[in-house]
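K.L.:
Before I ask anything, here is the structure I am working with.
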Number of protein chains: 2
Amino acid sequence: MIPNDTSTSLIMIFGATGDLAKRKLYPSLYHLYKKGKLAEKFAVIGTARRAWTHEQFRENIKESIITFVGTNDQIDDFASHFYYQPHDVTDSNSYIQLKKLAEELDTKYSLQGNRIFYLAMAPEFFGTIADHLKSDGLTETIGFKRLVIEKPFGHDLESAESLNAQIRQSFAEEEIYRIDHYLGKAMVQNIEVIRFANAFFEPLWNNRYISNIQITSSEKLGVEERARYYEKSGALRDMVQNHMLQMVALLAMEPPIRLTTEEIRSEKVKVFRALRPIEGDEVEKYFVRGQYDKGTIDNNEVVGYRDEHNVVPQSNTETFVAGKLMIDNFRWAGVPFYIRTGKRLTTKSTKIVIQFKNIPMNLYNKNEQLSPNLLVIHIQPEEGITLHVNAKKSGRNIQTKPVKLNFSNEADNGINTPEAYEKLLYDCLHGDATNFTHWDEVALSWRFVDKISEVWENKQSSFPNYKAGSMGPFEADKLLQQDNFSWWDVTDLDVENC
Amino acid sequence: MIPNDTSTSLIMIFGATGDLAKRKLYPSLYHLYKKGKLAEKFAVIGTARRAWTHEQFRENIKESIITFVGTNDQIDDFASHFYYQPHDVTDSNSYIQLKKLAEELDTKYSLQGNRIFYLAMAPEFFGTIADHLKSDGLTETIGFKRLVIEKPFGHDLESAESLNAQIRQSFAEEEIYRIDHYLGKAMVQNIEVIRFANAFFEPLWNNRYISNIQITSSEKLGVEERARYYEKSGALRDMVQNHMLQMVALLAMEPPIRLTTEEIRSEKVKVFRALRPIEGDEVEKYFVRGQYDKGTIDNNEVVGYRDEHNVVPQSNTETFVAGKLMIDNFRWAGVPFYIRTGKRLTTKSTKIVIQFKNIPMNLYNKNEQLSPNLLVIHIQPEEGITLHVNAKKSGRNIQTKPVKLNFSNEADNGINTPEAYEKLLYDCLHGDATNFTHWDEVALSWRFVDKISEVWENKQSSFPNYKAGSMGPFEADKLLQQDNFSWWDVTDLDVENC
């Protein structure tokens, strides 16, 4: 089904005064509005604790657009669709008020009873809100009802299961849109297309031709204002359980029968089921954790993690994870998927490097290896695809040099591709859950990750073990060295833009 | 064997006042000289009919460098190595004089008796000169002797055989360097490296993954001053017998055991032996000939071929050839190699397009075909590699768009790659005959081409049949349409440079 380009709905945002709403949701809605991809008659209700008026809220919306989009074009008309309701998430009266406003707006804007509930707030309230939405009658509507939930979805398998059980009282699985904003990124969405729309790649996409796959998602930032959450989470739960494993699934999945939500999710789930569980003594062979010490980033001295605001002095929280994943199926047996992610690293970059096996026989460079062929998928901040191939050096001797075939998404479009949130909001408005995570995926990835955290929580770390501004602890390099591989330097792989 | 970067030799150029010498050979020698790739003690003797002095010749050399290289740096020292000898190619006395001068220079420059005889003149004298070089003692030397011969090597198999028999009286096969200047082009030399130094391409390089290969070598120029030769040759002999078939051989050959001259030539010969002979009634199914009518090129009216200077009014000479070649071996059975070449076409361009088969199942664009993957090798004027792949369009819908992964040789080096002649001269100085054509290749390609010319010569053409400025006759399009293919528009395939 290819949906209409516009879709009518009331959008209720819980946590409307928060950072995510201001930085991502309002700008995304504005972009959709400007592109004519919001129905003419849409309405947004923002809720939060503060006692704002509609007008105050609208001023805030406009400020967010001016700050993060950089324009005030049609801003008054856009903001006029926004309404505010002060809200206490634990108080039924709040929900009853909200219901009244929702019904008014439904009539005023002819919204056909369609409702999207977007939970952009602290996860401890997800369950409570879902309960109230049902018990106070907000989910009783003649249109569709959809629940959008930000991460984290639970803290481990057990808490995720109990959260899921709770929200499933109010919403069916197909009404739940679990956000993983990586799945909204243009080049993450491109993984499938690269694989399944090109005769060129699929024949090589297996253990006969691929030697290993490396996924790096590095940040320069430290924990910033998020220590209260991060101290309980760490990089494994914050990044690996969701984003990193989702990228692995998209890279490793079998071609689906067709491109429906169900078929794609079912293939992704099969990858998680084939993922070799790493537990007990195996954990230290397959996984490395790290925590940043003080160091230098962009010529600025920065403090170590343990000296950050709201971090305990002996914190055992990992700010870096590297791991080796094995997918035990016919396609991938023997091909390691290496992942690494962390804070306070050398560069901000998310890249996937697919390294091909060496050619069967080296006719060139008798005494040195030929550079292996690489396919690099640049996820962020630059977007593009690079293929590293060997060509002939100019001059007489038969010497090869690695050259890059580049495609840069930015260079091509002239403008940045739509923000992940814009895509995901659009998908949700149209009932397309393909780029949201199904409960089965959440459960399997928690199961995988829990076995690792269990070992780490019961064993003292030797933190801090990497300098801010480096690419993580030495052990992360050793992880690949033992397989005779090494991390490709992500700073060296950039698309050469003009 | 990796030779020294410099090599000592006396270079004798027959046809030293001609166009090729001025435009290509002197500039190439100058480049080698500037790069330190000519031995310090090199010497060049130019010969031709004119009664020039050494000084007049040197002035001419300098003029050529200034005109075609655009510098006069170290030009006096460079020119001082050049000597001139007025010469009558049929007169023994001339050769005896030449021998004397050669011996003097040998002593003066310590050239170790090494001699390269470069025949840059009308082909009718090749045999005569080779005879005299032996009979008048020039080939009697303690160093190496090498004969470099420009095209055409014969007019058909019979004349080529008799020329070959004649020169083999004076030179052994391994002393004969038959120039095909396409083999000196950077990106033609890259075909092998792309194929054999990349794990990425070789597994796909066969009839399971490739649907067809298209080689276009188009010129904007008409016959210019060459009608006297061209009237007797035509595009088939002038371009197909040598350049086009050589590119086919490099694309189709099996990986050689090692990269020696013998092994590579032996694999190329095997391609020619597997080439399906096209004869009799088959010719019009596989080959199309054309001759340009008047038309418009770059907004200038140009005359038809039959109105060109020195062309007979009813000329039957083809200025365009398109053909379908089949290589009947395991790797290529069923994959057509389409070639086309001609004068007065839309653009000056030599490109190879490798078109891959469609993916087994189209998950995207239900109602339209996905763009096929293409690997484009840009031979001239631009040099580079482009891979056409499908990526996801930005925006919500699952739509693909073809994108190009580009590598541009120029962009990479900042400067143009060495001219073909520079490379080939360098190779010859070092005794590397890999990028010259072996007699076996010449013989097999004449055998193939002769069967086609035989049919064409005995059947009146319907010339002129294409307009100057077009891409050739309609029948060239039909040739591919009958296989459900079509020519890729070479003007549309360019590397997007910055």
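The values are calculated or read from the model by the stated rules, or taken from the named source; none is laboratory data. Just so you know, these numbers come straight off a predicted model, no measurement behind them. Cβ coordinates were reconstructed from backbone atoms using ideal geometry, including for glycine residues, and neighbour counts include every protein chain displayed. In case anyone asks, the SASA skips ligands and DNA or RNA and just uses the protein heavy atoms, side chains included. Shrake-Rupley method; radii C 1.70, N 1.55, O 1.52, S 1.80 Å.
K.L.:
If residue B:342 satisfies all but one of (1) open to solvent by 10 Å² or more (accessible area, probe 1.4 Å); (2) more than 30 Å from residue A:28 (Cβ to Cβ); (3) of a type outside the set (Lys, Arg), what's the number of the condition it fails?
P.N.:
Checking residue B:342 against (1) open to solvent by 10 Å² or more (accessible area, probe 1.4 Å); (2) more than 30 Å from residue A:28 (Cβ to Cβ); (3) of a type outside the set (Lys, Arg), the one that fails is (1).
K.L.:
Suppose we filter A:182, A:177 for residues that are open to solvent by less than 30 Å² (accessible area, probe 1.4 Å), under 19 Å from residue A:119 (Cβ atoms) and not in a helix (DSSP H, G or I); which single one remains?
P.N.:
A:177
K.L.:
Within 30 Å of residue A:297 (Cα to Cα), at pLDDT 90 or above and either surrounded by 23 or more Cβ atoms within 10 Å (Cβ to Cβ) or within 9 Å of chain B (Cβ to nearest Cβ) (or both), is that true of residue A:377?
P.N.:
no
K.L.:
Could you grab me the full set of residues in segment B:76-87 that are of a type outside the set (S, T, N, Q) and open to solvent by less than 40 Å² (accessible area, probe 1.4 Å)?
P.N.:
Hits for segment B:76-87 are B:78, B:79, B:81, B:82, B:83, B:84, B:87.
K.L.:
With the checklist (1) open to solvent by less than 30 Å² (accessible area, probe 1.4 Å); (2) at pLDDT 90 or above; (3) part of a loop (DSSP other than H, G, I, E, B) in hand, flag the one item residue A:363 doesn't pass.
P.N.:
Of everything listed in (1) open to solvent by less than 30 Å² (accessible area, probe 1.4 Å); (2) at pLDDT 90 or above; (3) part of a loop (DSSP other than H, G, I, E, B), residue A:363 misses just condition (2).
K.L.:
Give the residues of segment B:456-485 that are part of a helix (DSSP H, G or I) and either in contact with a strand residue (DSSP E or B) (Cβ under 6 Å, 6 or more places away or on another chain) or surrounded by 18 or more Cβ atoms within 10 Å (Cβ to Cβ) (or both), sorted by residue number.
P.N.:
B:456, B:475, B:476, B:479, B:480
K.L.:
Filter segment B:209-232 down to residues that are touching a Pro at 6+ places or on another chain (Cβ under 8 Å) and within 11 Å of another protein chain (Cβ to nearest Cβ) and give me whichever is most open to solvent (accessible area, probe 1.4 Å).
P.N.:
Per the stated criteria, the residue is B:209.
Results for (1) within 30 Å of residue B:230 (Cβ to Cβ); (2) in contact with a His (Cβ under 7 Å, 6 or more places away or on another chain); (3) polar (S, T, N, Q), shown as yes or no for each residue.
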position	(1), (2), (3)
B:76	no, no, no
B:79	no, no, no
B:83	no, yes, no
B:116	yes, no, no
B:141	no, no, yes
B:150	yes, no, no
B:163	yes, no, no
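K.L.:
Taking the condition of being open to solvent by 20 Å² or more (accessible area, probe 1.4 Å) and over 25 Å from the mean Cα position of the chain (by Cα), how many residues in segment A:311-320 meet it?
P.N.:
3
Matching residues to (1) open to solvent by less than 10 Å² (accessible area, probe 1.4 Å); (2) farther than 18 Å from residue B:118 by Cα:
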position	(1), (2)
B:10	yes, no
B:38	no, no
B:41	no, yes
B:47	yes, no
B:57	yes, no
B:65	yes, yes
B:74	no, yes
B:89	no, no
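Yes/no matrix, rows are residues, columns are (1) within 14 Å of another protein chain (Cβ to nearest Cβ); (2) in contact with a Lys or Arg (Cβ under 7 Å, 6 or more places away or on another chain); (3) within 30 Å of residue A:295 (Cβ to Cβ):
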residue: A:185; (1), (2), (3): yes, no, yes
residue: A:192; (1), (2), (3): yes, no, no
residue: A:239; (1), (2), (3): no, no, yes
residue: A:252; (1), (2), (3): no, no, no
residue: A:258; (1), (2), (3): yes, no, no
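Residues checked against (1) modelled with pLDDT under 90; (2) in contact with a helix residue (DSSP H, G or I) (Cβ under 8 Å, 6 or more places away or on another chain); (3) more than 7 Å from every other protein chain (Cβ to nearest Cβ):
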position: B:373; (1), (2), (3): no, no, no
position: B:388; (1), (2), (3): no, no, yes
position: B:397; (1), (2), (3): yes, no, no
position: B:404; (1), (2), (3): yes, no, no
position: B:407; (1), (2), (3): yes, no, no
position: B:414; (1), (2), (3): yes, no, yes
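K.L.:
Output the residues belonging to segment A:91-106 that are in contact with a His (Cβ under 9 Å, 6 or more places away or on another chain) and open to solvent by 20 Å² or more (accessible area, probe 1.4 Å).
P.N.:
A:91, A:92, A:97
K.L.:
Here is a follow-up. Sort out which residues of segment A:89-110 are closer than 20 Å to residue A:21 by Cβ and touching a residue at least 60 places away in the same chain (Cβ under 8 Å), and write them in order of number.
P.N.:
A:89, A:98, A:102, A:105
K.L.:
Further question on the same structure: Count, please, the residues in segment B:422-442 that happen to be open to solvent by 10 Å² or more (accessible area, probe 1.4 Å), in a helix (DSSP H, G or I) and hydroxyl-bearing (Ser, Thr, Tyr).
P.N.:
Summing the residues that are open to solvent by 10 Å² or more (accessible area, probe 1.4 Å), in a helix (DSSP H, G or I) and hydroxyl-bearing (Ser, Thr, Tyr) in segment B:422-442 gives 0.
K.L.:
Does any residue in segment B:266-291 that is over 18 Å from residue B:340 (Cα atoms) and of a type in the set (Asp, Glu) come within less than 6 Å, Cβ to Cβ, of a residue that is in a helix (DSSP H, G or I) and open to solvent by 40 Å² or more (accessible area, probe 1.4 Å) six or more places away or on a different chain, and which pairs are these?
P.N.:
B:279/B:451
K.L.:
Within the group A:235, A:199, A:160, which residue is open to solvent by less than 30 Å² (accessible area, probe 1.4 Å), among the hydrophobic types (A, V, I, L, M, F, W, C) and farther than 30 Å from residue A:257 by Cβ?
P.N.:
Checking each option against the conditions leaves just A:235.
K.L.:
On to the next question. Limited to segment A:7-37, what total is found for residues that are within 17 Å of residue A:429 (Cβ to Cβ) and either in contact (Cβ under 8 Å) with a residue 40 or more places away in the chain or among the charged types (D, E, K, R) (or both)?
P.N.:
Selection size over segment A:7-37: 21.
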